[in-house]
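What follows is one structure encoded as structure tokens, with my remarks underneath.
The values are calculated or read from the model by the stated rules, or taken from the named source; none is laboratory data. Given the structure is predicted, the values throughout are model-derived calculations rather than measurements. With ideal geometry, Cβ positions are generated from the backbone for all residues, glycine too; neighbour counts draw on all protein chains shown. Surface areas here come from the heavy atoms of the whole protein model, side chains and all, with no ligands, DNA or RNA. Shrake-Rupley method; radii C 1.70, N 1.55, O 1.52, S 1.80 Å.
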Amino acid sequence: MKKILTAIILSASCLAAVAQSNSFKLGRWVETRNAILRELNSSYVDTLPVNRISRAAIDAMLESLDPYTVFVPEEENEDLEMMIHKTYGGIGAVIYKPEKDGNVIINEPYAGSPAQKYDLRCGDEIMEIDGQSVVGLTSQECSEKMRGEPGTKVTFKVRKLRPAEIVDVTVTRDKVRLPDVEYFGMLNNEFGYISQTGFAEGVAGEVRNAVLELKKQGMKKLVLDLRGNGGGLLSEAGDIVSLFVPKGSVVVTAKGRDPKSNYTVCTTKDPVDLEIPIIVLVDGASASASEIVAGALQDMDRATVMGKRTFGKGLVQTIRPLPFGGELKLTTSKYYTPSGRCVQAIDYSNRSDDGSVKHIPDSLTREFRTAHGRTVRDGGGITPDVDIDMREYSRLVYSLVAYGLTEQYALEFVRAHESIPAVEEFKLADDDYEAFIGFARGKDFDYRSSARTYFDKMREELRKDGIEQNMLSELDALQKSIEMDKETFLRLKKDEIVPFLEEEIAIRYYFQQAGVKVRIRYDDALWKALESPLIKF
């Protein structure tokens, strides 16, 4: 009888434990958190930094879920708006402030912006903003003073580069929109090309207009370049797919725990062209909405996807309002392409003991079928129909870009050259590259080769293990053989560096689209895609 009673009690305990719903557990933790905060507020030895610890707690909690569920306080709403709409109120220029006690330098005005309208050019120096000296202000503080509601005015005291004079310039701020179609044009008599960098509100209209204009120019085939495109609004992805498939086609399906998060996106607009052959270019940085477009057109056998396997972000976020003006960007569902596959490559729901997450192994992915029966797989991004290697750059090139030396030299070039030839004809002269070497020689940046960085790591590990002293002569000899001075390395990698310099310089004279034209000139992967046979559907 005692054993039976014990079993009943244990069973009741198990049932009680099961009955503790997530809501009960959540309530318990909320009470515990509040009790901790009350105790800290009343008894902690120093004044409690409530805002800092509360924000840290919220960020840590959300970070344990996935990288895309984030809290946006009211003061950061403008950044969220910028991400969604790609617009802000201001003058439309990238600024550069090399020294806190120096002037603000106009580095890159945008085409059609108030900065261009009021003749603020690359190399002009802003000395005052609305009568306040910029000396002592940070670049961020200056940027905030330059931004403002469209229609409002801001007055600058400017030291002009050409002609060399100091003038007052009053600029009327406007809504500045950064287009997600950074360039479109004909590559040759056959191929039209669209470079799309994001999926902010309105980009589908930009792509539509680009396609129509290219068709007028005689386009027979289209390249939609989504390399490096990290995504954006799912609705815009659906509208872009609608340009090329019959009205009413399924583009993507979202499935979440909340029934409100379950929905299907179908094309609702008439297509622009149902026949034109399409190449969609992707790489490892193509994510989210880029994968929706590439996956839908691949599943419908409407485009040939070329490049490298995409990032693998199959999660959908929704913006939810919070008290006191804050917002929560919340992962609410996973999305599935028309064939039924989810491209999510990382399993955030199952973490290791150290909190790390793992990619879904290829062995656990499943097969799906396109409209014409071709095999595609889930769980690892979008695998291209045609694999094309992307150009690899040396560590030196990445370092030059990361340290801002290519941009800084472009500014030096503008100061020395009043004009350059048309972008199609512009090439960096050997003398100008020598000038760049002289410029970079005096700058402090990490110019080590990849081999040298690996060597330094190996030597540090040998030092930790107590082995270095026994190998000093061999290590010194190896270090000497792979050592390369800055100037020699810059000359060795000239062919890699020149395209970056030409792109930055072209932008300073002819705005952003000129930079894309230079980039296309050296884009081996793009030209290889044009030579690759398209899939016959």
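What to note about this one:
- Considering the conditions (1) out of contact with any Cys (no Cβ under 9 Å at 6 or more places or on another chain); (2) assigned to a helix (DSSP H, G or I); (3) open to solvent by less than 80 Å² (accessible area, probe 1.4 Å); (4) not hydrophobic (A, V, I, L, M, F, W, C), Tyr447 is excluded by exactly one of them, (2).
The rows are residues; the columns are (1) within 22 Å of the chain's Cα centre (by Cα); (2) open to solvent by 40 Å² or more (accessible area, probe 1.4 Å); (3) over 30 Å from Met300 (Cα atoms).
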site: Gly326; (1), (2), (3): no, no, yes
site: Lys329; (1), (2), (3): yes, no, yes
site: Pro338; (1), (2), (3): no, yes, no
site: Asn350; (1), (2), (3): no, yes, yes
site: Glu367; (1), (2), (3): no, yes, no
site: Gly381; (1), (2), (3): yes, no, no
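- Long-range neighbours under 9 Å by Cβ, at least six apart or interchain, first residue open to solvent by less than 80 Å² (accessible area, probe 1.4 Å) within segment 480-494, second of a type in the set (S, T, N, Q): Ile482/Ser449; Met484/Ser449; Phe489/Ser394; Phe489/Ser449; Lys493/Ser394
- Here the strands (runs of 3 or more DSSP E) wholly within segment 205-322 that include at least 3 residues being in contact (Cβ under 8 Å) with a residue 12 or more places away in the chain and of a type in the set (A, V, I, L, M) are 221-225, 250-255, 278-282, 315-321.
- Cβ-Cβ under 8 Å pairs, at least 6 apart or on other chains, segment 56-80 side farther than 19 Å from Val316 by Cα, far side surrounded by 14 or more Cβ atoms within 10 Å (Cβ to Cβ) and acidic (Asp, Glu): Asn77/Glu327
- Residue, nearest to Val104 (Cα to Cα), within segment 114-137, restricted to residues that are in contact with a Lys or Arg (Cβ under 9 Å, 6 or more places away or on another chain), open to solvent by 50 Å² or more (accessible area, probe 1.4 Å) and assigned to a loop (DSSP other than H, G, I, E, B): Val135
- Per-region count, segment 55-95, residues of a type outside the set (Phe, Trp, Tyr) and within 18 Å of the chain's Cα centre (by Cα): 15
- Contacts under 9 angstrom Cβ, first residue in segment 35-51 being part of a loop (DSSP other than H, G, I, E, B), partner open to solvent by less than 80 Å² (accessible area, probe 1.4 Å) and not charged (D, E, K, R), 6 or more apart: Leu48/Leu37; Leu48/Leu40
- Filtered residues of segment 400-421 (kept if part of a loop (DSSP other than H, G, I, E, B) and either free of Cβ contacts under 8 Å to residues at least 24 places away in the same chain or touching a Leu at 6+ places or on another chain (Cβ under 7 Å) (or both)): Gly404, His417, Pro421
- Taking every residue in segment 443-467 that is in contact (Cβ under 8 Å) with a residue 40 or more places away in the chain and pairing it with any residue that is in a helix (DSSP H, G or I) and among the small types (Gly, Ala, Ser), at least 6 positions away or on another chain, the pairs with Cβ-Cβ distances below 6 Å are Phe445/Ser399; Asp446/Ser399.
- The residues in segment 502-537 that are out of contact with any helix residue (DSSP H, G or I) (no Cβ under 6 Å at 6 or more places or on another chain) and open to solvent by less than 60 Å² (accessible area, probe 1.4 Å) can be counted, and the count is 13.
- Lone unmet requirement of (1) modelled with pLDDT of 95 or more; (2) over 22 Å from Tyr522 (Cα atoms) for Gln196: (2)
- The set of residues from segment 451-465 being in a helix (DSSP H, G or I) and open to solvent by 50 Å² or more (accessible area, probe 1.4 Å) comprises Ala451, Tyr454, Lys457, Met458, Glu460, Glu461, Arg463, Lys464.
- Members of segment 81-106 found to be within 21 Å of Gln513 (Cα to Cα), open to solvent by 10 Å² or more (accessible area, probe 1.4 Å) and assigned to a strand (DSSP E or B), listed by number: Thr87, Tyr88, Ala93, Val94, Ile95, Tyr96
- Residue within segment 55-72 that is of a type in the set (Lys, Arg) and open to solvent by 60 Å² or more (accessible area, probe 1.4 Å) present: yes
- Qualifying positions in segment 153-184 - β-branched (Val, Ile, Thr) and without any contact (Cβ under 8 Å) to a residue 60 or more places away in the chain: Thr155, Val158, Ile166, Val167, Val169, Thr170, Thr172, Val181
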